[in-house]
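The values are calculated or read from the model by the stated rules, or taken from the named source; none is laboratory data. None of these values were measured; they are calculated from a predicted model. When we count neighbours, we look across all protein chains shown, and the Cβ atoms used for this are built from the backbone with ideal geometry, even at glycine. Note: accessible area is taken over every heavy atom of the protein model, side chains too, but ligands, DNA and RNA are not part of it. Shrake-Rupley method; radii C 1.70, N 1.55, O 1.52, S 1.80 Å.
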Amino acid sequence: MCQHLKKTCEVLPLSEMVRHVNAGKTLPHNAVAITFDDGLGSNYHLGYPILKELGLPATIFLATGFVDGTHPLWFQEVDRALRARGASTAELFAKLGQLKRLPDAEMRAEVAKLTADCAAAHPEVTLPMRWDQAREMKASGLIEFGGHTHSHPILARCTVEQQAEEIRQCCDRITAELGAAPTLFAYPNGGPTDFTADTQRLLAEHGFEASFTMMPARLVSGLTTQALPRYGNPTSMLEAEATVSGAFELLKQWRGGAA
């Protein structure tokens, strides 16, 4: 996939794309940015060597409590517990969807119950990266880091005070460990009901110049800076080509705006 992007696309740092559209400019038709969420160790061990070999820039959005080792990703814990009990993928997705709709405090309490008796180890590929690995990647000039909260809550399910603390902790930890405050942010889950006007205000107050959802669309000028679109990971080369070419957007227009 990365080799294909190298050959057929103009792979740009996400921050450069943001500056470009904020200046009212049109991005090249084949411009893409590569992003990763959470801060998994696989970003360093598997992704970074390929990116470095091909000279491709990328952005990693860090859930800083995960990287600190103080806050596991709650959805990983649920996945581990339910799979240990023999749950199907459909059952797992249903439970995760249910949990994501709960207020954060209720969700955390439910996760604690689900995982209380689960002792199965996490596969190494799902463990967090270390801060020294993040510093190495940043020093390469290829990888930039953004914020993704501290403990990975769905921010709209938190109080405004909780949201402010999640954003502050995330910003402070990245600044302390990597030597510069992050300017980009990605919302956990990233759906239209997963953040609020208060969330957007708080992000701007903490110096984030742009925040990304998981609502699929092309990045163009004139969009709300704290609710920018982003496509998910393509599952095939054909899907990647359709995304870059704009075929998905043409299909949405043909359907009258429906995804």
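If you check D194, D172, D198 for being open to solvent by less than 20 Å² (accessible area, probe 1.4 Å) and of a type in the set (D, E, K, R), only one passes: D194. The residues listed here are P182, P229, P188; of these, the one that is modelled with pLDDT of 95 or more and either basic (K, R) or in contact with a His (Cβ under 7 Å, 6 or more places away or on another chain) (or both) is P188.
Taking the criterion of being closer than 22 Å to R101 by Cα and in a helix (DSSP H, G or I), the residues of the range 66-75 that qualify are F66, W74, F75.
Looking across A23, A84, A33, A58, one residue alone is in contact with a Leu (Cβ under 6 Å, 6 or more places away or on another chain), over 18 Å from P128 (Cβ atoms) and among the aliphatic types (A, V, I, L, M). It is A33. When T213, T224 are screened for being of a type in the set (S, T, Y) and open to solvent by less than 20 Å² (accessible area, probe 1.4 Å), only T213 passes. Pairs meeting the criteria (first residue in the range 164-175 and among the small types (G, A, S), second residue assigned to a helix (DSSP H, G or I), beta carbons under 7 Å, at least 6 apart or on different chains) are A164/L202.
Let's see how each residue does on (1) open to solvent by 30 Å² or more (accessible area, probe 1.4 Å); (2) of a type outside the set (S, T, N, Q); (3) touching a strand residue (DSSP E or B) at 6+ places or on another chain (Cβ under 6 Å):
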site: F61; (1), (2), (3): no, yes, yes
site: V67; (1), (2), (3): no, yes, yes
site: H71; (1), (2), (3): yes, yes, no
site: L82; (1), (2), (3): no, yes, no
site: L92; (1), (2), (3): no, yes, no
site: K95; (1), (2), (3): yes, yes, no
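Of E161, E166, all but one fail to be surrounded by fewer than 22 Cβ atoms within 10 Å (Cβ to Cβ) and part of a helix (DSSP H, G or I); the exception is E161. Whenever a residue of the range 1-12 is closer than 15 Å to T243 by Cα, its partners that are of a type in the set (D, E, K, R), lying with C-beta atoms within less than 8 angstrom and at least six residues away or across chains, give the pairs T8/E241.
Select from the range 131-152 the residues that are small (G, A, S) and assigned to a loop (DSSP other than H, G, I, E, B) and write down the one among them that is surrounded by the most Cβ atoms within 10 Å (Cβ to Cβ). Only one residue fits best here, namely S151.
Within the span defined as the range 39-58, one or more residues are buried (at least 18 other Cβ atoms within 10 Å of the Cβ) and free of Cβ contacts under 8 Å to residues at least 60 places away in the same chain.
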